[in-house]
Amino acid sequence: MTAPAHYARALGGIVGREVLRFVHQRERFLSALVRPLLWLFVFAAGFRAALGIAITPPYETYIPYEVYIVPGLAGMVQLFNGMQSSLSMVYDREMGSMRMLLVSPLPRWFLLTAKLLAGTAVSILQVYAFLAVAWVYGVQAPPLGYLTVLPALVVSGLMLGALGMLLSSAIRQLENFAGVMNFVIFPTFFLSTALYPLWKMQEAGELLHFLCTVNPFSQAVELIRFALYLDVNLPALGWTVLALALFLGGAVYGYNPAQGFLARKTGGE
Amino acid sequence: MAEPALSIEGLSYAYGRGTFALKDVSLAVGAGSFTALLGPNGAGKTTLFALITRLFETPGGTIRIGGIDLRREPARALGRMGVVFQQPTLDLDLTVRQNLLYFAALHGIPRRTAEARAQDSLERLGMAERIGETVRALNGGHRRRVELARALLHEPALLVLDEPTVGLDVPARRAIVEHVHALCRERGIAVLWATHLIDEIGEGDRVVVIHRGRVRAAGPVTEVNRATGADTLTESFTRLTAKEAA
């Protein structure tokens, strides 16, 4: 049997590599930061006059729109990161370093989970950088909230990373990734509670409301939102964990050597 | 306990339905043997490598590494094998050291041991002074040497290489070929080396000729030549692969 120390070393190696790669890719960090900040500085600022948010949990007072949108943007950072690490998996696989990972003498579920944790660690670094800038800008949660949001970010980051991993096991080629951006990222983001609360969506229509409710990204955003304000949203936690289990299960299945998904994708000689 | 380092029996594989990429392939590579897997492009070499490295697996046939069944105990089997893939697999932005230590971590090698082995295996390949450089700064031949050093970090009994000299210039190719031959002689490592380049195969090597997914001949170069009635391996190869060419 493989020794626990082996697992620990491998996990350390995989997370360490991801963080090192992240540090080396400054543009990636910058774009991860600029994207939500644009939404905060431009989009939210413009909407401020039009859209204040009435009192709704976990908020205790009437809040400006910028305050509402920050947890959703934190979720967006993780959504993009999850898709980007899956992009890097598709790319890695073509480059061969994914193969290097998969020939390691460890169970495949462990390797994929470790890879997922590594991506999540990077996404959390990005979220904290974003939250720090938002703080300076004046969107400030309770100080303790920045600690309690951490476990929520771990769960949501894993869930969104697992979604990306599942997609990467199903996408044939790199080119199709632009399609994923259009057909996965944008709908996931817009059909969620990231930009508007659920009751706003209900005013807009029942279908929209339904789609926003069942979107796992909504659940992740609400989980983050409540945790940032020192509260636990148990249903959101439950749904997020359930989605994580489903996506991860699908990804492990997709990367299972007996499945032949990889065979069809690599296409042999 | 004279299990060959690699033994493959009755291996078949089909992409989709009907068309076999590999059909009933059997071969063995013993300790200290340099075995060339020789075949034209599209012969099934890459498929065979994907199966040996468990990128995917097949219900047809068995692969044993040092006697361990790859399907039943994949982790143990993979732990005894070093791999050099055809595509480059190094992180370009990381240093040589970081690349090697990452690999060592995947194999559960303690940090201190990993540092020492990295130094050692790079030295043997004349790359020790490059350890702190990023891979991007190295040329193709040097990158391949680093990959070779990496594949040896966990001291495998079997080394498999999939067309490892693709894209290298003549001196770099020769250096890699000679180094791997030396590994067989001096350290008793079993090597399976896939190639379509006959000049990479020495007189004393073993060869497995594969064509259209089937093994056409296997054995020491001299025996294969004798069996086909040819003077050189080039001639043997032409005869073995020409039969069904039309």
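The values are calculated or read from the model by the stated rules, or taken from the named source; none is laboratory data. Please read these numbers as outputs of a predicted model, since none were measured by experiment. Quick reminder, even Gly has a Cβ in these numbers, built from the backbone with ideal geometry, and neighbours come from all protein chains shown. To get the accessible areas, we keep the full protein, side chains included, count just its heavy atoms, and leave off ligands, DNA and RNA. Shrake-Rupley method; radii C 1.70, N 1.55, O 1.52, S 1.80 Å.
Side notes on the structure shown:
- Of the residues making up the stretch A:12-49, those that are part of a helix (DSSP H, G or I) and over 20 Å from the mean Cα position of the chain (by Cα) number 10.
- Matching residues, the stretch B:10-39, being surrounded by fewer than 22 Cβ atoms within 10 Å (Cβ to Cβ) and either facing chain A (nearest Cβ under 10 Å) or touching a Phe, Trp or Tyr at 6+ places or on another chain (Cβ under 8 Å) (or both): B:S12, B:A14, B:Y15, B:G16, B:T19, B:F20
- Filter result (open to solvent by less than 40 Å² (accessible area, probe 1.4 Å), at the interface with chain B (Cβ under 9 Å from one of its Cβ atoms) and modelled with pLDDT under 90) within the stretch A:12-54: A:R21
- Selection over the stretch A:204-233 of residues that are in contact with a Ser or Thr (Cβ under 7 Å, 6 or more places away or on another chain) and either open to solvent by 10 Å² or more (accessible area, probe 1.4 Å) or within 15 Å of A:V70 (Cβ to Cβ) (or both) gives a count of 10.
- Any chance B:T53 is at pLDDT 95 or above, on the phi < 0 side of the Ramachandran plot, out of contact with any Gly (no Cβ under 7 Å at 6 or more places or on another chain) and of a type in the set (V, I, T): no
- Screening A:R9, A:R93 for residues that are modelled with pLDDT under 85, open to solvent by 10 Å² or more (accessible area, probe 1.4 Å) and either within 12 Å of another protein chain (Cβ to nearest Cβ) or within 21 Å of the chain's Cα centre (by Cα) (or both) leaves exactly one candidate, A:R93.
- Residues of the stretch A:101-117 that turn out to be within 11 Å of chain B (Cβ to nearest Cβ) and of a type in the set (A, V, I, L, M, F, W, C), as a count: 7
- Residue list for the stretch A:172-203, filter: in a helix (DSSP H, G or I), modelled with pLDDT of 75 or more and either open to solvent by 70 Å² or more (accessible area, probe 1.4 Å) or in contact with a strand residue (DSSP E or B) (Cβ under 7 Å, 6 or more places away or on another chain) (or both): A:N182, A:F183, A:F186, A:F190, A:W199, A:Q202, A:E203
- Number of the condition not met by B:G229 [criteria: (1) free of Cβ contacts under 8 Å to residues at least 40 places away in the same chain; (2) under 18 Å from the mean Cα position of the chain (by Cα)]: (2)
- For A:A251, the stated conditions do not hold, so it cannot be described as open to solvent by less than 30 Å² (accessible area, probe 1.4 Å) and under 22 Å from A:Y146 (Cα atoms).
- Within the stretch B:184-210, being more than 20 Å from B:P4 (Cβ to Cβ) and of a type in the set (A, V, I, L, M) holds for B:L197, B:I198.
- Every residue from the stretch A:204-217 that is small (G, A, S) and in a helix (DSSP H, G or I): A:A204
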